[in-house]
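Inspection log for the structure reproduced underneath, given as structure tokens.
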There are 2 protein chains.
Amino acid sequence: MREHASDVMQDYLKNIYLINRENEGQVSTSDLAMKMGVSAPTVTSMLVKLGDKGFITYEKYKGAKLNTEGEAIALEILRHHRLIERYLVEFLGYDWSEVHEEADVLEHHISEELERRIANALGNPKYGLYGAPIPSEDLTSIAKDETTKLGEHSAGEIVVIERVKENYIGSENAPRTRDSEELQYLAEIGIIPGKQVKIESVAPFGMIKVSNEKGEHSLPKEVSMSIHVREI
Amino acid sequence: MREHASDVMQDYLKNIYLINRENEGQVSTSDLAMKMGVSAPTVTSMLVKLGDKGFITYEKYKGAKLNTEGEAIALEILRHHRLIERYLVEFLGYDWSEVHEEADVLEHHISEELERRIANALGNPKYGLYGAPIPSEDLTSIAKDETTKLGEHSAGEIVVIERVKENYIGSENAPRTRDSEELQYLAEIGIIPGKQVKIESVAPFGMIKVSNEKGEHSLPKEVSMSIHVREI
DNA sequence: GATCTTATTTAGACCTATCTAAACATATAT
DNA sequence: ATATATGTTTAGATAGGTCTAAATAAGATC
């Protein structure tokens with residue numbers, strides 16, 4: 001008999017999971033506040049509630065950590081998200097850069113039945129768009145992510161873009177509504193899943209310069225760390 | 001620059017529209033309360049809010065009536081609902097009796113873009129499942145409903161079921177969660193779109209007795225008025 | 001180790017949507 | 001026309017999720 005998690009709580013749990021994938025350890029109030037586009041006090045009070053319900057372990061000033069029940073919810077939502085994204089692309093002709101926001105909403109509103117049918121239509125895949133792993137139906141396992149991040153590579157290397165910025169940490173102010181525009185921009189400069197880029201140089205502050213058939217482009221660290229690639 | 005309507009407000013507007021389709025004139029507090037599965041005072045306070053926003057005209061003790069803006073929202077939601085229902089049946093293999101509740105949730109959460117793509121995948125239809133008319137994309141027109149209600153027919157007539165109970169008025173207590181079970185039951189006794197039934201008799205209290213290959217079945221008035229048919 | 005800065009939490013307020021209990025209108029019946 | 005029943009609204013409370021301003025803890029610097 002699982003405690004009930006509201007839509008909003010589901011979102012917090014999902015984001016705690018995603019932040020924790022990037023930064024091991026406890027998830028801080030401010031990272032969550034930024035990710036959710038909400039003030040820090042709001043996060044504090046939500047963390048208390050999530051703790052009371054047993055979804056997370058929360059210690060004052062030390063951040064939050066999912067426990068089993070919370071992780072199951074996070075994985076379920078993530079599964080929805082990635083199934084929906086892939087479904088929209090494969091069956092409804094969406095472009096990869098447009099689906100993220102749609103999925104962010106729908107992930108909270110599809111029934112178990114619809115989840116099953118969508119998964120089935122896609123052939124019960126283990127990976128979503130460009131290699132993003134999809135949690136299994138029973139929420140016990142999730143395939144390993146084989147990609148690396150663009151920002152981790154060095155000058156001279158050539159990589160294939162795998163996927164771009166489904167989560168985003170560390171910028172001043174990145175509420176969800178900006179995502180789609182940024183994805184459009186990246187698409188315009190040729191940062192598109194499946195395409196290659198060459199790392200030209202890594203400049204101070206982690207700024208990275210890459211080149212492709214559209215020319216040379218500089219990307220700030222937060223952005224290059226949100227682009228997943230595979231070395232060639 | 002349309003006033004913003006929350007999900008809940010959208011639901012009230014949709015239901016005002018649907019109730020008004022069945023019972024001409026003002027929509028009463030109690031009909032709405034029953035349809036929405038909430039208490040009467042809750043409805044009163046919501047009607048005041050909807051009036052303030054200009055979606056409806058509301059006069060104390062006299063009920064509510066949509067005005068242009070409110071009707072546009074109602075039609076948009078209804079369009080979503082019927083497109084989604086039909087999409088789930090045609091593309092995801094749902095049975096007609098299962099889609100209503102799924103659509104009741106999703107209707108509030110699909111983007112304009114997704115609405116367009118779903119409509120497109122279906123060939124921009126004017127009718128949804130079994131002849132339920134779908135409002136046009138610009139929300140200015142809605143095809144005429146050519147069906148009649150089972151409860152309006154007389155003994156001896158033979159009719160074809162067109163659709164069943166997407167809205168439901170007049171029972172003691174019919175919140176949304178019961179719908180699917182009732183639809184399942186009707187399906188079991190052969191009240192299925194496309195199938196024929198013969199009206200055997202109309203008993204007191206509007207109770208109607210029909211027969212088909214599954215035998216004879218009596219249906220209370222509220223139910224027979226929610227079953228749309230076409231005379232043969 | 002004392003001080004300054006930054007992150008986090010507490011306090012108090014607000015808005016939406018809901019409820020129950022009580023008051024009040026309207027409609028119906030005798 | 002008055003009494004009764006039914007439907008509707010007012011009043012006041014609650015729960016969820018959010019905010020700003022102020023207080024406090026933790027971490028960094030000298």
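Can you run down the residue pairs with Cβ atoms below 7 Å, 6 or more apart or on separate chains, where the first is in the stretch B:43-63 and touching a residue at least 60 places away in the same chain (Cβ under 8 Å) and on the phi < 0 side of the Ramachandran plot and the partner is more than 6 Å from DNA strand D (Cβ to nearest atom) and not in a strand (DSSP E or B)?
none
Looking at the stretch A:80-98, which of its residues are in contact with a helix residue (DSSP H, G or I) (Cβ under 6 Å, 6 or more places away or on another chain) and among the small types (Gly, Ala, Ser)?
Scanning the stretch A:80-98 gives a single hit, A:Ser97.
Given the criterion more than 14 Å from the chain's Cα centre (by Cα) and open to solvent by less than 10 Å² (accessible area, probe 1.4 Å), identify the matching residue among B:Leu106, B:Leu88. Working first, answer last.
On the way: B:Leu106 fails: open to solvent by less than 10 Å² (accessible area, probe 1.4 Å).
The unique qualifying residue is B:Leu88.
Is it the case that A:Ile142 is within 14 Å of another protein chain (Cβ to nearest Cβ) and among the β-branched types (Val, Ile, Thr)?
Working: within 14 Å of another protein chain (Cβ to nearest Cβ): no; among the β-branched types (Val, Ile, Thr): yes.
Here the answer is no, as A:Ile142 does not meet what is asked.
So, in the stretch B:209-226, how many residues would count as being of a type outside the set (Gly, Ala, Ser), open to solvent by 60 Å² or more (accessible area, probe 1.4 Å) and modelled with pLDDT of 80 or more?
Residues meeting the conditions: 4.
Inspect the stretch A:192-203 for any residue being at pLDDT below 75, outside the structural domain of A:Val105 (by TED's automatic domain parsing), open to solvent by 20 Å² or more (accessible area, probe 1.4 Å) and farther than 19 Å from A:Arg230 by Cα and give the result as yes or no. Explain how you work it out, then say what you get.
Initially, the stretch A:192-203 is screened for residues at pLDDT below 75, giving A:203.
Filter once more, keeping what is outside the structural domain of A:Val105 (by TED's automatic domain parsing): A:203.
Right, trim to open to solvent by 20 Å² or more (accessible area, probe 1.4 Å) and you get A:203.
Among the residues that remain, those that are also farther than 19 Å from A:Arg230 by Cα are: A:203.
Within the stretch A:192-203 (the criterion being at pLDDT below 75, outside the structural domain of A:Val105 (by TED's automatic domain parsing), open to solvent by 20 Å² or more (accessible area, probe 1.4 Å) and farther than 19 Å from A:Arg230 by Cα), the answer is yes, since at least one residue qualifies.
Exactly one of these conditions fails for A:Ser39: (1) modelled with pLDDT of 95 or more; (2) open to solvent by less than 20 Å² (accessible area, probe 1.4 Å); (3) within 13 Å of DNA strand C (Cβ to nearest atom); (4) not β-branched (Val, Ile, Thr). Give me its number.
(2)
Please state which one of B:Lys49, B:Lys14, B:Lys53 is within 13 Å of DNA strand D (Cβ to nearest atom) and of a type outside the set (A, V, I, L, M). Write out each step before concluding.
Details: B:Lys14 fails: within 13 Å of DNA strand D (Cβ to nearest atom); B:Lys53 fails: within 13 Å of DNA strand D (Cβ to nearest atom).
Unique residue meeting the criteria: B:Lys49.
From A:Tyr127, A:Tyr94, A:Tyr87, grab the single residue that is aromatic (Phe, Trp, Tyr) and more than 14 Å from chain B (Cβ to nearest Cβ). Walk me through it before giving the result.
On the way: A:Tyr94 fails: more than 14 Å from chain B (Cβ to nearest Cβ); A:Tyr87 fails: more than 14 Å from chain B (Cβ to nearest Cβ).
Only one candidate passes the filter, namely A:Tyr127.
Return only the number of the condition from (1) outside the structural domain of B:Gly123 (by TED's automatic domain parsing); (2) open to solvent by less than 70 Å² (accessible area, probe 1.4 Å); (3) not acidic (Asp, Glu) that B:Lys49 does not satisfy.
For B:Lys49, the exception is condition (2).
Mind listing whichever residues of the stretch B:42-67 are more than 11 Å from DNA strand C (Cβ to nearest atom) and β-branched (Val, Ile, Thr)? If you could, list the steps in order and put the result at the bottom.
Applying the first criterion (more than 11 Å from DNA strand C (Cβ to nearest atom)) to the stretch B:42-67 yields B:51, B:54-58, B:64-67.
Across the stretch B:42-67, the qualifying residues are B:Ile56, B:Thr57.
Would you be able to say whether some residue in the stretch B:24-36 is more than 24 Å from B:Ser224 (Cα to Cα), away from every other protein chain (no Cβ under 14 Å), in contact (Cβ under 8 Å) with a residue 24 or more places away in the chain and within 15 Å of DNA strand D (Cβ to nearest atom)? Reasoning before the result, please.
Just the residues of the stretch B:24-36 that are more than 24 Å from B:Ser224 (Cα to Cα), to begin with: none.
No, the stretch B:24-36 contains no residue that is more than 24 Å from B:Ser224 (Cα to Cα), away from every other protein chain (no Cβ under 14 Å), in contact (Cβ under 8 Å) with a residue 24 or more places away in the chain and within 15 Å of DNA strand D (Cβ to nearest atom).
Looking only at the stretch B:56-87, count how many residues are within 11 Å of DNA strand D (Cβ to nearest atom) and basic (Lys, Arg). Walk me through how you get there before you give the answer.
Narrowing the stretch B:56-87 to residues within 11 Å of DNA strand D (Cβ to nearest atom): B:58-64.
Next cut, basic (Lys, Arg) only: B:60, B:62.
So the count comes out to 2.
Can you find even one residue in the stretch A:99-110 that is closer than 30 Å to A:Val202 by Cα and away from every other protein chain (no Cβ under 14 Å)?
Checking the stretch A:99-110: not a single residue is closer than 30 Å to A:Val202 by Cα and away from every other protein chain (no Cβ under 14 Å).
Would a scan of the stretch A:13-31 turn up a residue that is closer than 20 Å to A:Ala103 by Cα, touching a helix residue (DSSP H, G or I) at 6+ places or on another chain (Cβ under 9 Å) and open to solvent by 60 Å² or more (accessible area, probe 1.4 Å)? First the steps, then the outcome.
Of the stretch A:13-31, the ones closer than 20 Å to A:Ala103 by Cα are A:13-19, A:21.
With the extra rule that they be touching a helix residue (DSSP H, G or I) at 6+ places or on another chain (Cβ under 9 Å), the set shrinks to A:13-19.
Retained after the next criterion (residues that are open to solvent by 60 Å² or more (accessible area, probe 1.4 Å)): none.
No.
Given the conditions (1) more than 13 Å from B:Gln10 (Cα to Cα); (2) of a type in the set (Val, Ile, Thr); (3) open to solvent by less than 40 Å² (accessible area, probe 1.4 Å), and given that B:Thr57 satisfies all but one, which numbered condition is not satisfied?
Just one mismatch for B:Thr57, condition (3).
Hey, does the stretch A:130-149 have a residue that's assigned to a helix (DSSP H, G or I), surrounded by 17 or more Cβ atoms within 10 Å (Cβ to Cβ) and among the hydrophobic types (A, V, I, L, M, F, W, C)?
No; the residues of the stretch A:130-149 include none that is assigned to a helix (DSSP H, G or I), surrounded by 17 or more Cβ atoms within 10 Å (Cβ to Cβ) and among the hydrophobic types (A, V, I, L, M, F, W, C).
Which residues, counting only those in the stretch B:119-129, are open to solvent by 50 Å² or more (accessible area, probe 1.4 Å) and assigned to a loop (DSSP other than H, G, I, E, B)? Can you show your working first?
Pass one, the stretch B:119-129, residues open to solvent by 50 Å² or more (accessible area, probe 1.4 Å): B:120, B:123-124, B:126-127.
Listed by number, the residues that qualify are B:Gly123, B:Asn124, B:Lys126.
The values are calculated or read from the model by the stated rules, or taken from the named source; none is laboratory data. On a predicted model such as this, the values are computed, not experimentally measured, just so you know. So basically every Cβ, Gly included, is an ideal-geometry build from the backbone, and we count neighbours across all protein chains shown. Calculation scope for accessible area: heavy atoms of the full protein, side chains included, ligands and nucleic acids excluded. Shrake-Rupley method; radii C 1.70, N 1.55, O 1.52, S 1.80 Å.
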